[in-house]
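Colleague: Let me begin by handing over the structure; questions about it come next.
Here, each number is a calculation from the coordinates, and none is a lab measurement. Quantities reported herein were computed from a predicted structural model and do not represent experimental measurements. Using ideal geometry, Cβ is built from the backbone for each residue, glycine included, and neighbour counts are taken over all protein chains shown.
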Amino acid sequence: MAYSMKAQADEDALLREESSLAEESLDLKSAQKHRHLYVSWLVAVALILLWWLVTAVHVFPPLDLPSPLHVAKDIYAISTTGYNGYSLLDNIGASTLRIAVGFFAAVILGVPIGFWMASNTIIFNAIDPVLQFLRPIPPLAYIPLMVLWFGTGQMSKFVLIFFCTIPMIIISAMSGVKSAQESRLRVAQVFGANRRQMFRYITLPSALPEIFTGMRIAIAVAWTCLVAAEMIAAQSGLGAMILTAGNQLRVGVVFVGIIFIGLIGYLMEVVIRTVERRMVPWKGKA
Amino acid sequence: MIAVSEVSKVYPSQVRGGRPLVAVDTVDLTVQDGEFVTVVGPSGCGKTTLLNLLAGFEQPNRGEIRLDDRPVVRPGPERAVVFQQPSLLPWMTVKENIAFGLTLREGTRRVDQIRIASMVETMGLTGFENHRPYQLSGGMQQRVAIARALIIEPRVLLMDEPFGALDAQTRSEMQRFLLSIWGKLHPTVLFVTHDVEEAIMLADRVVVMTPRPGRIADILTVSLARPRQWDLTLSREFNEYKRKILQVLRPPEERDPVRLA
Ligand SMILES: Nc1ncnc2c1ncn2[C@@H]1O[C@H](COP(=O)(O)OP(=O)(O)OP(=O)(O)O)[C@@H](O)[C@H]1O
Ligand SMILES: [Mg+2]
């Protein structure tokens with residue numbers, strides 16, 4: 001035979017060695033990535049220092065711009081005794097719950113709708129105009145309607161978040177389906193895939209990267225909508241806290257609200273990114 | 001047996017007011033069971049189009065293609081394809097990619113592991129079963145693609161420049177490798193390439209195509225003994241075949257020495 005088994009075995013050993021070398025260099029890369037995390041911390045510290053400097057030289061009067069120390073004290077105070085009847089944890093919990101319910105409802109409904117639109121022209125023609133019509137309407141415009149229709153309770157906030165985020169989810173799912181490569185669809189055709197198998201093994205995994213991107217954008221949008229919603233009709237929540245504090249000129253509390261909205265938004269982004277890395281490890285590589 | 005009779009494929013013009021493009025023009029070809037046929041020709045001469053027609057991805061405008069007297073109307077597992085573009089599924093491991101055809105046929109991911117293991121070994125992929133395609137070298141990726149096509153035991157193996165993206169050395173390794181697999185399993189192979197030496201090295205017969213419109217210009221029977229050794233390319237006989245093919249593929253203006261002078 002032209003291809004000797006010995007040569008094959010030698011080559012295997014060589015390739016395995018190569019691959020372990022490759023893994024090593026991968027480790028090196030992730031180690032570098034790890035080191036670069038310091039940059040993020042450095043920037044955070046630098047920003048706080050800058051903030052402190054600006055307050056120390058009194059660019060603004062202390063009532064308009066509290067110092068970092070002052071805000072830290074406010075955080076402590078709100079965590080322990082609360083503000084306006086709600087503790088910091090209450091407010092975080094209330095806001096996070098609203099985001100979570102609205103956002104997950106949007107994902108659970110939006111992804112199938114997007115898939116459906118991508119696979120059926122009639123459905124696309126039916127839903128797309130409505131979607132494009134609703135998209136440019138600012139969330140603030142919905143608020144009076146939400147209050148009229150769903151009251152001032154939780155429901156109106158859930159529905160608002162849902163409406164703000166679902167267009168992005170639908171569009172990302174739809175364009176994700178369309179990003180499935182022709183050659184991969186053809187592979188499945190050759191092997192005689194039925195519709196269900198085509199979806200499960202080719203279309204769905206092809207769409208996942210874009211769906212995750214859509215989710216990451218949507219979660220940030222959800223926060224902007226939430227604050228708008230809580231500013232109109234809510235007692236608890238970070239947005240409500242900011243509004244009340246603004247009216248009472250408690251700028252320190254406003255800062256606490258802003259900082260926690262930013263931190264939780266960041267945390268949610270990190271969570272989605274982590275899930276994404278586990279579910280779509282091939283992203284950007286193929 | 002594959003029978004391609006008087007097949008033409010015309011693509012409508014891609015620009016407004018332009019002329020339609022004849023990608024494949026009245027092609028006649030029969031391939032016997034177990035035969036290794038290569039198709040060679042310059043870029044754009046319709047090689048991929050011909051293969052797509054055989055695979056059933058596209059339908060001819062004229063003529064007919066039959067496999068064992070049944071007309072080819074859609075893709076199917078009896079005609080496995082190894083694509084020109086990378087087509088492994090990055091969301092699956094090497095093992096899962098190889099098993100893909102079986103998974104679809106049997107409707108479950110729990111397929112014959114012994115068969116897959118032996119294919120992995122035959123393909124020299126031992127130790128890489130759980131790697132992802134993008135963690136492999138180009139040559140190994142092509143071996144996975146070939147394994148994926150072979151494991152379902154197709155009647156015909158359609159290969160579209162499978163080694164086109166590889167360096168010269170890996171390519172010649174892969175050629176020997178393919179020949180050894182073919183020697184064992186003897187599938188019918190239609191192998192597209194733009195490399196004349198590769199076409200001769202592998203084939204029982206070489207189909208030479210020329211572009212605009214895509215036509216078969218010549219079919220050569222290669223009667224070089226098998227197994228073929230690496231130094232075959234240096235032999236006189238081999239170069240005789242090479243000369244014949246290059247003569248057909250030579251650009252038209254050079255055929256006329258008067259115009260050159
Ligand atoms: N889907 C298509 N629509 C329109 N024109 C096409 C299409 N596919 C191929 N063609 C045209 O048909 C001709 C033959 O293309 P084909 O891909 O078969 O060439 P090829 O011989 O495989 O070339 P290469 O060696 O570069 O892969 C080309 O001129 C190409 O532009
Ligand atoms: Mg081609």
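Colleague: Apply the Karplus parameterisation 6.51 cos²θ - 1.76 cosθ + 1.60, with θ equal to phi minus 60°, to every residue of the range B:13-19 and state each ³J(HN,Hα) to the nearest whole Hz, in sequence, with x for glycine and proline.
Modeller: Coupling constants for the range B:13-19: 4, 7, 10, 5, x, x, 8 Hz.
Colleague: Report Rg/Rh for the range A:171-286, rounded to two decimals, where Rg is the Cα radius of gyration and Rh the Kirkwood radius.
Modeller: Looking at the range A:171-286, the ratio lands at 1.23.
Colleague: Based on alpha-carbon centroids, what's the gap between the range B:76-152 and the range A:33-106 in Å, whole number please?
Modeller: The two parts, judged by their Cα centres, are 52 Å apart.
Colleague: Under 8 Å for C-alpha pairs, at least 6 residues apart: give me the relative contact order for the range B:42-154, rounded to a whole percent.
Modeller: Over the range B:42-154, the number comes to 30 percent.
Colleague: Taking Cα atoms, how many degrees apart are the long axis of helix B:236-249 and the longest axis of chain B, rounded to 10 and kept between 0 and 90?
Modeller: With rounding to tens, the tilt is 60 degrees.
Colleague: Continuing with this model, one more query. Please express the shape of the protein assembly as shown as an equivalent ellipsoid: the semi-axes are the square roots of 5 times the eigenvalues of the C-alpha gyration tensor, given largest first in whole angstrom.
Modeller: Working through the eigenvalues yields semi-axes of 62, 28, 22 Å.
Colleague: In terms of modelled amide H atoms, which long-range or inter-chain residues lie less than 5 Å from the amide H of residue B:218?
Modeller: Amide H to amide H, under 5 Å and 5 or more residues apart or across chains, residue B:218 pairs with B:208.
Colleague: Ratio of Rg to Rh for the range A:238-282, alpha carbon only, Kirkwood?
Modeller: 1.31
Colleague: On to the next question. Give me the inter-chain shielding for A:189-201: mean count of other chain Cβ atoms within 10 Å, whole number please.
Modeller: Taking the mean over all residues of the peptide, I get 6.
Colleague: For chain A, what does -39500 (n - 2.57) per DSSP helix run (n ≥ 4), summed and divided by total residues, give at 222 nm, in deg cm²/dmol to the nearest 500?
Modeller: Rounded to the nearest 500, the figure is -27500 deg cm²/dmol.
Colleague: Something else about it: Loop only per DSSP, at most 12 neighbouring Cβ atoms within 10 Å: give me the trypsin sites (Lys or Arg not before Pro) in the range A:142-219, ordered by residue number.
Modeller: Nothing satisfies the criteria.
Colleague: Return one quarter of the surface area of the convex hull spanned by the alpha-carbon atoms of the range A:68-279, equal to its mean projected area, in nm².
Modeller: Over all viewing directions, the range A:68-279 projects a mean Cα-hull area of 13.8 nm².
Colleague: To continue, here is another question. Nearest 500 deg cm²/dmol is fine: what mean residue ellipticity at 222 nm does chain B get from its DSSP H runs of n ≥ 4 alone, each adding -39,500 (n - 2.57), divided by its residue count?
Modeller: About -10000 deg cm²/dmol.
Colleague: What ³J(HN,Hα) values, in whole Hz, does the Karplus curve 6.51 cos²θ - 1.76 cosθ + 1.60 give for the range B:227-235 when θ = phi - 60°, with x put for Gly and Pro?
Modeller: x, 8, 8, 4, 7, 4, 4, 8, 6
Colleague: Which of A:140, B:88 has the fewest other C-beta atoms within 10 Å, and how do the rest follow up to the most?
Modeller: If I rank by nearby Cβ atoms, fewest first, I get A:140, B:88.
Colleague: Which of rounded, prolate or oblate describes the range B:76-115 when judged by the alpha-carbon gyration tensor and an a/c cut-off of 1.5?
Modeller: oblate
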